[in-house]
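Structure first, then comments.
The values are calculated or read from the model by the stated rules, or taken from the named source; none is laboratory data. The shown structure was predicted, so the numbers you read here are calculated from the model rather than taken from an experiment. When we count neighbours, we look across all protein chains shown, and the Cβ atoms used for this are built from the backbone with ideal geometry, even at glycine. Note: areas computed on protein heavy atoms with side chains; ligands, DNA, RNA excluded. Shrake-Rupley method; radii C 1.70, N 1.55, O 1.52, S 1.80 Å.
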Amino acid sequence: MSDTFPLEISVVIPVYNAAKFIQTAVDSALQFNEVREVLLVDDAGPDDSLAICKAIALREPRVKLLQHPGGVNKGAGASRNLGMLKSSSELIAFLDADDFYLPNRFNAERTVFRENPDADGVYGAIAPHFYDSEGKARFEETFQHALTTVRYRVPPERLFAGLVGSDGEFGHFHLDTLTLKRSALHRVVPWMRPELKLHQDTDFLRRLAWHVRLYPGLIEEAVAMRGVHAENRVTAITDFNANQYALHRAMWEWAVAVGCDRQTTEKFHFKYCFFAVASAPSKCQALRIAVQQRKYLTRYAFRDALFSRLAGHGSRIARLLHKFTWRFNALPGAKL
């Protein structure tokens, strides 16, 4: 028997405003003979990405260029969905247009798929590649660890609980490090939610962990590099609360629909209520929602959500109020 599992991979790359990076991303995928096709999904960005993608597709037989009907912008979730739909290989991998693979990207997959016939996917670790100082500063302020990874080798049945539990302790994995069997996609419906402006991948990966069997690959060292620069959407967002509200509302509704355990469902509901307050359109509405959702929030969270809305998420005042509330709440007999 062969020591490795034969790999045939389609790499899906959504492209938006990534003219400076797309060639590096494509080259990093084409270095592998196992990559049968690279699907560039143009999402109608404002720069020269489309022209560059067309040129690459003309030069490289393994590169295919896709666009949404009418050449319109539909977002990263819809773009990845189109790439998955049009892919032809048994295995699907993902890559952001400003990221790139390392030479060890698929080393673990060859072994994991052979040793675990029930495996639907394999995930690994990603590290940052800093393109500028502003991006580095934002990254270090947003993320606790340079290496984004799951820190414990757990069997597939324990992965979901880890991802939705203590995120800082357990960690999480990046979509760039996932290699997924096409046959698993029919168990995860919908695929990526186009209505989520951000965090489509977080929602998708959590639901994958619930529905299919994902195994750890190389989680102690990076298999891909995350391009970090001033234009990164995740670290440059100004509507943090609104995006978190959309994510946790979607996760709560899904958890109810599939019958997640009570603790997990209540956790999503708690965060949904918290960010409903924090992202309310006006301060008066924030107060009204806070009162309506009061029974679902702890006293600390009730005030913290209001502070986040009134003072602005991440502001100096909000951080001071958060710190004061947390300390006061820890005092014996405190009734915040």
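When each of LEU175, LEU214, LEU196 is tested for being over 22 Å from GLY75 (Cβ atoms) and under 16 Å from the mean Cα position of the chain (by Cα), the lone residue that passes is LEU214. One residue stands out in the range 258-314 among those that are at negative phi, open to solvent by 30 Å² or more (accessible area, probe 1.4 Å) and small (Gly, Ala, Ser): the one that is modelled with the lowest pLDDT, namely ALA311. Scanning the range 195-238 for residues that are at pLDDT 95 or above, assigned to a strand (DSSP E or B) and open to solvent by less than 30 Å² (accessible area, probe 1.4 Å) gives LEU214, PRO216, ALA222, VAL223, ALA224. For PRO117, the conditions (1) part of a loop (DSSP other than H, G, I, E, B); (2) in contact (Cβ under 8 Å) with a residue 40 or more places away in the chain; (3) out of contact with any helix residue (DSSP H, G or I) (no Cβ under 7 Å at 6 or more places or on another chain) are fulfilled apart from (2). Might you check whether a residue that is free of Cβ contacts under 8 Å to residues at least 60 places away in the same chain, within 25 Å of ASN104 (Cα to Cα) and open to solvent by less than 80 Å² (accessible area, probe 1.4 Å) occurs anywhere in the range 19-28? Yes, there is a match, as at least one residue in the range 19-28 is free of Cβ contacts under 8 Å to residues at least 60 places away in the same chain, within 25 Å of ASN104 (Cα to Cα) and open to solvent by less than 80 Å² (accessible area, probe 1.4 Å). Restricting attention to the range 70-102, the residues that are among the β-branched types (Val, Ile, Thr) and part of a loop (DSSP other than H, G, I, E, B) add up to 1. Restricting the range 125-154 to residues that are under 21 Å from GLU221 (Cβ atoms) and aliphatic (A, V, I, L, M), the residue that is modelled with the lowest pLDDT is ALA146. Of all residues in the range 122-143, those that are more than 16 Å from the chain's Cα centre (by Cα) and of a type outside the set (Gly, Ala, Ser) total 9.
Scanning the range 120-134 for any residue that is outside any strand (DSSP E or B), crowded, with 17+ Cβ neighbours inside 10 Å and either without any contact (Cβ under 8 Å) to a residue 40 or more places away in the chain or aliphatic (A, V, I, L, M) (or both) turns up nothing.
Taking the conditions (1) at pLDDT below 95; (2) among the β-branched types (Val, Ile, Thr); (3) closer than 24 Å to THR202 by Cβ in turn, VAL11 satisfies each one other than (1). Within the range 32-67, the set of residues being farther than 15 Å from SER89 by Cβ, open to solvent by 70 Å² or more (accessible area, probe 1.4 Å) and within 25 Å of the chain's Cα centre (by Cα) comprises PRO46, GLN67.
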